[in-house]
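**Student:** First, the structure itself, so that you have it in front of you.
The values are calculated or read from the model by the stated rules, or taken from the named source; none is laboratory data. Bear in mind that the values here come from a model prediction, so they are computed numbers and not experimental data. Backbone-built Cβ (ideal geometry, glycine too); neighbour counts: all protein chains shown.
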Amino acid sequence: MHLKALALLLLMGVTAGLHAENWPAFRGPLGNGKSSEKDLPSTWSPTENIKWKLKLAGPGSSSPIIWENKIFLSQSLNKEGSERALLCIDRKDGKVLWQKSVNFQGKEPTHSTNPYCSGTPVTDGSKVIVSFGSAGIYCYDFEGNILWNKDLGKCIHLWGNSSSPILYKNLVILNFGPGENSFLLALDKATGKEIWRANEPGGSPATEKGQDWLGSWATPVLHTKGDATQLIMPWPNNIKSYNPDNGQLIWTCKGLTKLVYTSPLIEKDTVVVMSGYHGSAMAVKTDGKGDVTESHKLWLNTAKNPQRIGTGIIHDNYLFMANAGPGNIQCIDILTGKDLWENQRLGANHWGSMIYADGKLYATDQNGDTFILEAKPVFKQLGKNSLKEHTDATLAIADKELFVRTFQHLWCISNPK
């Protein structure tokens, strides 16, 4: 082959490889729900544009993560949560390559709407880490060998747990809780050794009558500006910023209420955090130190907000949010807190988080209906596609394909080649 032609083919291969994007963590590469992918499927049904579907052992709310041709998914193998597993799935055909399970005979309460193994795994391309709550946190290689595991103690709350681990440099960071045993933790990714721990006092298991319902199920988010990185974590009644290298507190802002499910949303130097169960929402500037409640809060909305479980999307200073109860959708100006889509309905209740790709928003409700919207302050629905199965999970996107986890199946949605 002529050298010039060979060089052109190699360049084409590199370009194609650069376009494909892995989805290595909950809510994508940056933990913000955004994908750089384009030309995604716009229509699908249980029989249209389905590349494959994999029957699952039972219901679950965790999301798939994707690294090249491998998909990883956490799954309870029974209703009691005594067998908690990590599945490795071939992206080409949906076949299970391996399944590693952990036996747990202890008692760990959860709610009927929150099956065990709700946390999404995370990967760096050679290791995959998954949190199994009271059964511990486990690290595997891509062949399914255990590299390390760590018992973090009991995770006891009436409604269970669901936070996902994230990666930062050589660290695995996890919100362990809620309940009396609540803390933010950093482990060495290679060995599982504890590097730092930030305890969060005042948790309640809410397992007995008269106890407060409080806790945070949120997954923390990293925010980098210049050479400085913050770890943003919402707790009951406040949001805190930590130095992710050592766990030292940078700032705190009061204003949330007792229950928090959603992850922080960050745009430039502004973070928006939302309480659940009709609690408050607020926006805070991220450049403060110490208690910034009076100095850096942009707005605080204490009105009776919708029930919020899944996390929204910030795009061009607008926050798009699909809510759990009632099933309404909002477009909020993050500088003022004003809802531009007041009382706009969109299907049933939404428990999964929104996803953004190619200028569009993807919002999936519990009926398995995915609504496609323009990511603009003027409401415009572009499509609606149904899989006709219950889902509480968040979509994943990789290499022009969509992955949807329902209570019955993992689906791969793809345009015909």
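**Student:** Counting only residues that are over 18 Å from residue 260 (Cα atoms) and hydrophobic (A, V, I, L, M, F, W, C), which one in region 321-334 is nearest to the chain's Cα centre (by Cα)?
**Tutor:** Per the stated criteria, the residue is 329.
**Student:** On the given criteria, is residue 391 polar (S, T, N, Q) and either surrounded by 24 or more Cβ atoms within 10 Å (Cβ to Cβ) or within 20 Å of residue 67 (Cβ to Cβ) (or both)? Break it down stepwise before answering.
**Tutor:** Working: polar (S, T, N, Q): yes; either surrounded by 24 or more Cβ atoms within 10 Å (Cβ to Cβ) or within 20 Å of residue 67 (Cβ to Cβ) (or both): yes.
So residue 391 fits the description; yes.
**Student:** I'm told residue 320 meets every condition in (1) within 14 Å of residue 373 (Cβ to Cβ); (2) surrounded by fewer than 23 Cβ atoms within 10 Å (Cβ to Cβ) except one. Can you identify the failing condition by its number?
**Tutor:** In the conditions (1) within 14 Å of residue 373 (Cβ to Cβ); (2) surrounded by fewer than 23 Cβ atoms within 10 Å (Cβ to Cβ), residue 320 misses (2) alone.
**Student:** Only residues that are surrounded by fewer than 17 Cβ atoms within 10 Å (Cβ to Cβ) and either at pLDDT below 95 or assigned to a loop (DSSP other than H, G, I, E, B) (or both): list them for region 239-251, please.
**Tutor:** First, pick out the residues of region 239-251 that are surrounded by fewer than 17 Cβ atoms within 10 Å (Cβ to Cβ): 243, 245-246, 248-249.
Once the filter is applied, which keeps residues that are surrounded by fewer than 17 Cβ atoms within 10 Å (Cβ to Cβ) and either at pLDDT below 95 or assigned to a loop (DSSP other than H, G, I, E, B) (or both), region 239-251 yields 243, 245, 246, 248.
**Student:** Can you pull out every residue in region 257-273 that is touching a strand residue (DSSP E or B) at 6+ places or on another chain (Cβ under 6 Å) and under 23 Å from residue 174 (Cβ atoms)? Don't jump to the end; show me each part of the working.
**Tutor:** Going residue by residue through region 257-273, those that are touching a strand residue (DSSP E or B) at 6+ places or on another chain (Cβ under 6 Å) are 260, 262-267, 269-273.
Answer for region 257-273, where residues must be touching a strand residue (DSSP E or B) at 6+ places or on another chain (Cβ under 6 Å) and under 23 Å from residue 174 (Cβ atoms): 260, 262, 263, 264, 265, 266, 271, 272, 273.
**Student:** Counting only residues that are assigned by TED's automatic domain parsing to the domain that holds residue 254 and either touching an Asp or Glu at 6+ places or on another chain (Cβ under 9 Å) or among the charged types (D, E, K, R) (or both), give me the strands (runs of 3 or more DSSP E) lying completely in region 193-237 with at least 1 of them. Steps first, please.
**Tutor:** Working: elements: 194-199, 221-225, 228-235.
Hits in region 193-237: 221-225, 228-235.
**Student:** Pairs needed: first member in region 337-356, closer than 29 Å to residue 25 by Cα; second member anywhere, in a loop (DSSP other than H, G, I, E, B) and basic (Lys, Arg); C-beta distance under 7 Å; at least 6 residues apart or different chains.
**Tutor:** 353/27
**Student:** Only one residue in 42, 61, 74 is buried (at least 19 other Cβ atoms within 10 Å of the Cβ), at pLDDT 95 or above and in a loop (DSSP other than H, G, I, E, B). Which one? Step through it out loud before you land on a result.
**Tutor:** Numbers: 42 fails: buried (at least 19 other Cβ atoms within 10 Å of the Cβ); 74 fails: in a loop (DSSP other than H, G, I, E, B).
Answer to the selection: 61.
**Student:** Output the number of residues of region 381-417 satisfying the condition of being among the acidic types (Asp, Glu), in contact with a Pro (Cβ under 9 Å, 6 or more places away or on another chain) and part of a loop (DSSP other than H, G, I, E, B). Please lay out each step first, then the result.
**Tutor:** Pass one, region 381-417, residues among the acidic types (Asp, Glu): 389, 392, 399, 401.
Filter again for in contact with a Pro (Cβ under 9 Å, 6 or more places away or on another chain), leaving 389, 392, 401.
Now restrict to residues that are part of a loop (DSSP other than H, G, I, E, B): 389, 392.
Total meeting the criteria: 2.
**Student:** With respect to residue 175, determine if the residue is in a strand (DSSP E or B), under 18 Å from the mean Cα position of the chain (by Cα) and not hydrophobic (A, V, I, L, M, F, W, C). Write out each step before concluding.
**Tutor:** On the way: in a strand (DSSP E or B): yes; under 18 Å from the mean Cα position of the chain (by Cα): yes; not hydrophobic (A, V, I, L, M, F, W, C): yes.
So residue 175 fits the description; yes.
**Student:** Continuing with the same structure: Within region 237-255, count every residue that is more than 20 Å from the chain's Cα centre (by Cα) and of a type in the set (D, E, K, R).
**Tutor:** 2
**Student:** Further question: Look at residue 310 and say whether it is in contact with a Ser or Thr (Cβ under 7 Å, 6 or more places away or on another chain), within 19 Å of residue 33 (Cα to Cα) and not β-branched (Val, Ile, Thr). Please lay out each step first, then the result.
**Tutor:** Working: in contact with a Ser or Thr (Cβ under 7 Å, 6 or more places away or on another chain): yes; within 19 Å of residue 33 (Cα to Cα): yes; not β-branched (Val, Ile, Thr): yes.
Criteria met by residue 310.
**Student:** It is to be established whether one or more residues within region 267-277 are more than 23 Å from residue 303 (Cβ to Cβ) and surrounded by 17 or more Cβ atoms within 10 Å (Cβ to Cβ).
**Tutor:** Residues of region 267-277 that are more than 23 Å from residue 303 (Cβ to Cβ), as a first pass: 268-269.
Those still in the list that are surrounded by 17 or more Cβ atoms within 10 Å (Cβ to Cβ) too: none.
No, region 267-277 has no match at all.
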